[in-house]
1. Name the single residue, out of those in the range 51-83 being in contact with a strand residue (DSSP E or B) (Cβ under 9 Å, 6 or more places away or on another chain) and basic (Lys, Arg), that is surrounded by the most Cβ atoms within 10 Å (Cβ to Cβ).
2. Quick one: is ASP115 without any contact (Cβ under 8 Å) to a residue 12 or more places away in the chain and in contact with a helix residue (DSSP H, G or I) (Cβ under 7 Å, 6 or more places away or on another chain)?
3. Does PHE222 satisfy the condition of being at pLDDT 95 or above, surrounded by fewer than 18 Cβ atoms within 10 Å (Cβ to Cβ) and either within 23 Å of VAL82 (Cβ to Cβ) or of a type in the set (A, V, I, L, M, F, W, C) (or both)?
4. Would you say TYR241 is outside any helix (DSSP H, G or I), within 17 Å of ILE135 (Cα to Cα) and in contact with a helix residue (DSSP H, G or I) (Cβ under 7 Å, 6 or more places away or on another chain)?
5. Please give the number of the condition ARG51 fails out of (1) over 19 Å from LEU239 (Cβ atoms); (2) in a loop (DSSP other than H, G, I, E, B); (3) in contact with a Lys or Arg (Cβ under 6 Å, 6 or more places away or on another chain); (4) not polar (S, T, N, Q).
6. Checking ALA17 against (1) more than 17 Å from the chain's Cα centre (by Cα); (2) closer than 14 Å to ALA238 by Cα: exactly one of these is not met. Which one?
7. Could you say which residue among GLU40, GLU31, GLU11 is closer than 28 Å to PRO107 by Cα, touching a helix residue (DSSP H, G or I) at 6+ places or on another chain (Cβ under 8 Å) and not small (Gly, Ala, Ser)?
8. Do we have any residue at all in the range 21-41 that's in contact with a strand residue (DSSP E or B) (Cβ under 9 Å, 6 or more places away or on another chain), outside any strand (DSSP E or B) and without any contact (Cβ under 8 Å) to a residue 24 or more places away in the chain?
Amino acid sequence: MTSDFRLDPRERAELDARGYVVRHGVFDADELGAIASACEALVTRLEAERRHTKHRLGSYMFELQRRLDTIIKWEPEHPELVQGIEPFAHLSEELCRWGLDARLLDPCKGIVGDDKLALFTEKLNVKRARKGGKIILHQDFPYWSDLTPIASRVATAMIFLDDANLNNGCLEVVPGSHREGVQSRLKVDGFGALEMDPERYDQSRLLPLEVPAGTVAYFGAFLVHRSLFNHSDADRRALLYSYQPTGHPHLRELTRRGAEQRSSTSS
């Protein structure tokens, strides 16, 4: 097996035209089982932690676990269920190792524009059967741009741990949207202002990525995407590893700095 998994000329052309690349069969069933087990162990660990206040911010419900330096996203309609965790690599040695796998790193080099990459952040998305909610229409860039000057260069590799389809809330993307800059956002205050305004966007452009487990999608910070509810009888889980050039702070550090600055300003 080759040790270099960089994008080939056809994939580079697809990336330029569509803003994303999809590879099937990147991880086999045994690997997916190991990754999924590590994910479920992390969810179980965080569910057992002492609960802190859950805050409704925009379309989501968050809980800051300051001691563990992470944020838990809970299902707004089922607040007893974890919807997501970010970041997580510092909490799981096994999941951190998977994030440094060349099958994820190498393709992202062509998106970041650098041969030496480091993790910027990591997200675990968990859409539980019949109760998993939506991830609203958005671009990643607005969530990161106030924290780092290289937000536009961050690339994400998304591993589908389960078969994904419209019925269970698969990823939906807008081909070519990466060329259109920052989209119109909701005219509200606070965190919700980072969300795209669905009333001012042609959602008919969305393309569902119905793919088998083991598939990986690679994309940059400007791609417009979303996912809807899980109406199926099985979970739909995904890991998203986001990369940046080495030498820049992880999102965990940037978020901590921001909190410290806000605290010093208000005191």
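The values are calculated or read from the model by the stated rules, or taken from the named source; none is laboratory data. Small disclaimer: the values here were computed from a predicted structure and weren't measured. Here Cβ is always computed from backbone atoms with ideal geometry, including for glycine, and neighbour counts include all displayed protein chains.
1. Top of the filtered list is LYS73.
2. In short, yes.
3. No: the conditions fail for PHE222.
4. So TYR241 passes the test.
5. The single condition ARG51 does not satisfy is (3).
6. (2)
7. One residue alone meets the criteria, GLU11.
8. Scanning the range 21-41 turns up at least one residue that is in contact with a strand residue (DSSP E or B) (Cβ under 9 Å, 6 or more places away or on another chain), outside any strand (DSSP E or B) and without any contact (Cβ under 8 Å) to a residue 24 or more places away in the chain.
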